Structures are given as structure tokens and as C-alpha cells.
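Engineer: Provided herewith is a single structure, encoded as C-alpha cells, for subsequent inquiry.
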Amino acid sequence: MNKHFKKLSLYAGTALALTAGSAAMAEQTIGVQTVAATAAIATAKVNVRVIVPKIVILRVGAADATVSDVNFTLGLNPAVAGTPGNSLAYTGTTPPVFASTVATTNPVTAAGALTVAAWTNGAGTTLKCSLVALTGATAFATGATAAGVPGTNDITVASVTGATNLQHPGGTLTSCDGTTNSAITNLTTMGGTFTYALASTNLASMASGTYGNVVTYTATAP
């Protein structure tokens, strides 16, 4: 029994020595000098990192999860007394002259203007926009008004100038092609407004109906 116990103790001691030897291969060194005038030096290194996630924030309109609405409504200019109604007195031109009004909801703002904001810590960040179908509406024609359908050229979007103001990707919804982009400067609080307007040149060429698209803005930090 004693002989076996001594063997087990020898094995355990050897294992501990090997473990200690493996640990010594980590960042622990020793300096040994036998000459008094020579400095003994030991070094040890530590890797220190700060890992910062890539972040991009984008706001167009409401500063929450609701989707903003920009609604343009056409009416006669000048307005006809008694509308809506039938067989009303009318002394205007043929075709009539139209004017549009704009109402913005979620949030309610003036003159089709929506607050925008963006921030990123990633270099080379861009803003793009794209168009998809809007439930209950006929999609805008691409480019100019066509066959009575308002075109993407007819919806203009103005931005506030300035280095720290977010710029719309192009001046009309035609630029919402998923490719045209504007820059978002990193580590800079970008603000401003996007102001939507309906161009007045083609109003008499638009057929009655409801037209629209969902405009999706995408900020990408590559």
C-alpha cells in the first residue's frame, strides 16, 4: 500500500510540475544576472482593448415607432362656393386651375416639413431611399406624370443647407432609387428638415384617385 501511495504521489507531483511549467509559458518572465553591475530585467505584456460597436441612428419625422404621413390634396383655385356639391355655379376656366394643400401627421407639422436627424460612429455612412407600394394607393409613375398618374418628379423634397444638416438623396422622389445617396458625417449630430412639396406644373394632367408610395430611408454604415 505504501509503495502504491508513493507512486501515486510521484505521479501527482509530476503532473503539478507540468502544470506549473505550462503556466510559466504565459506572460511571466524572469531576469537573472550574476554580475552585480548588470541589471536584471523581467517583462510582462497585457493586451488592452476597447471594443466600440458600430452605431447608426436615423430619424425622419416622428421620434418614435410611428410612421409619418405627408398628404397632398388638390382643390380648385379659386375655390368654388358650396363644394363639395353638384350643379354649382362656376365661372372659372376649362380645364380648371388647381392648387394643392399639404397636411403632415405623426407628427403634425407645417408646410410638409418633417424633422430629420442622424448620428453614426462609422466612417463612410450614407443615406439612401427607396419606394414600395402604399396600401390603398396607386404607385407613383417613375419620373414624369404618365397616363394621369402623378410621377415621382412631381414630389420635391428640400433640405436645409449646412454641413451639419442631413441632405435628402436628391431633390425629388425620383432619386429614391436605392442607389442615389447623401453622406452622413460620422461623430457629428446631423439635423435639419425634409420639406415635401407637390410641383404645380402637372396638376391638371392628374386623373382622380389616390396615389402614393411608402418612402423607406436607409442609413448604412459599411
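Laboratory data are not the source of any read-out in this text; all were calculated from the coordinates shown. Because the structure is a prediction, the values reported are computed rather than measured. FYI the Cβ positions are ideal-geometry reconstructions off the backbone, even for glycines, and counts take in every protein chain you see.
Engineer: Would you work out the Kirkwood radius for the chain? I mean one over the mean of 1/r across all pairs of different Cα atoms, in Å.
Structural biologist: In the chain this quantity evaluates to 23.4 Å.
Engineer: If we count other beta carbons within 10 Å of each Cβ, what is the order of 109, 220, 164, 34, fewest first? Don't skip to the end; give the middle numbers.
Structural biologist: Values: 109 18, 220 15, 164 11, 34 6.
So the ranking, lowest neighbour count to highest, is 34, 164, 220, 109.
Engineer: Moving to a separate point now. Order 43-55, 111-123 from most to least packed using the mean count of other Cβ atoms within 10 Å.
Structural biologist: Numbers: 43-55: 6.5, 111-123: 18.2.
Packing proxy ranking, top to bottom: 111-123, 43-55.
Engineer: What list of ³J(HN,Hα) couplings, whole Hz, do you get for region 119-130 from phi and the Karplus terms 6.51, -1.76, 1.60, once you set θ to phi - 60° and write x for glycine and proline?
Structural biologist: The phi angles translate into 8, 8, 10, x, 6, x, 6, 10, 10, 10, 9, 9 Hz.
Engineer: In a Gaussian network model over the chain where Cα atoms closer than 10 Å are linked, find which of 85, 162, 178 has the largest mean-square fluctuation.
Structural biologist: Comparing 85, 162, 178 in the GNM, the peak value goes to 85.
Engineer: Select from 134, 60, 85 the residue farthest towards the positive end of the dipole of the chain; place +1 on Cβ of Lys and Arg, -1 on Cβ of Asp and Glu, and compute about the Cα centre.
Structural biologist: 60
Engineer: Of 37, 96, 214, which is farthest towards the positive pole of the chain's charge dipole, taken about the Cα centre with +1 and -1 on the beta-carbons of Lys, Arg and Asp, Glu respectively?
Structural biologist: Result: 37.
Engineer: Using only DSSP helix segments of four residues or longer, with each worth -39500 (n - 2.57), what per-residue ellipticity at 222 nm results for the chain after dividing by its residue count and rounding to 500?
Structural biologist: -3500 deg cm²/dmol
Engineer: Could you state, as a whole-number percent, how many of the C-alpha pairs of region 83-213 are farther apart than 27 Å?
Structural biologist: 31 percent
Engineer: Still on this structure, please answer the following. Under a point-charge model restricted to the Cβ atoms of Lys and Arg (+1) and Asp and Glu (-1), what is the dipole moment magnitude of the chain relative to its Cα centre, in debye to the nearest 20? Walk me through the numbers on the way to the answer.
Structural biologist: Working: 8 positive and 5 negative charges, 297 e Å.
Using Cβ point charges on Lys, Arg, Asp and Glu, the chain gives about 1420 debye.
Engineer: Still on this structure: With both bridge residues required to lie in region 56-220, what share of the DSSP beta bridges run antiparallel, to the nearest 5%?
Structural biologist: Of those bridges, close to 95 percent are antiparallel.
Engineer: Can you tell me which of 74, 198, 166 moves the most in a GNM of the chain? Springs connect C-alpha atoms under 10 Å apart.
Structural biologist: 74
Engineer: Let me ask you something else. For the chain, calculate the relative contact order in percent as a whole number, restricting contacts to Cα pairs under 8 Å that are 6 or more residues apart. Walk me through the numbers on the way to the answer.
Structural biologist: Details: 409 pairs, mean separation 49.1, N = 222.
Value for the chain: 22 percent.
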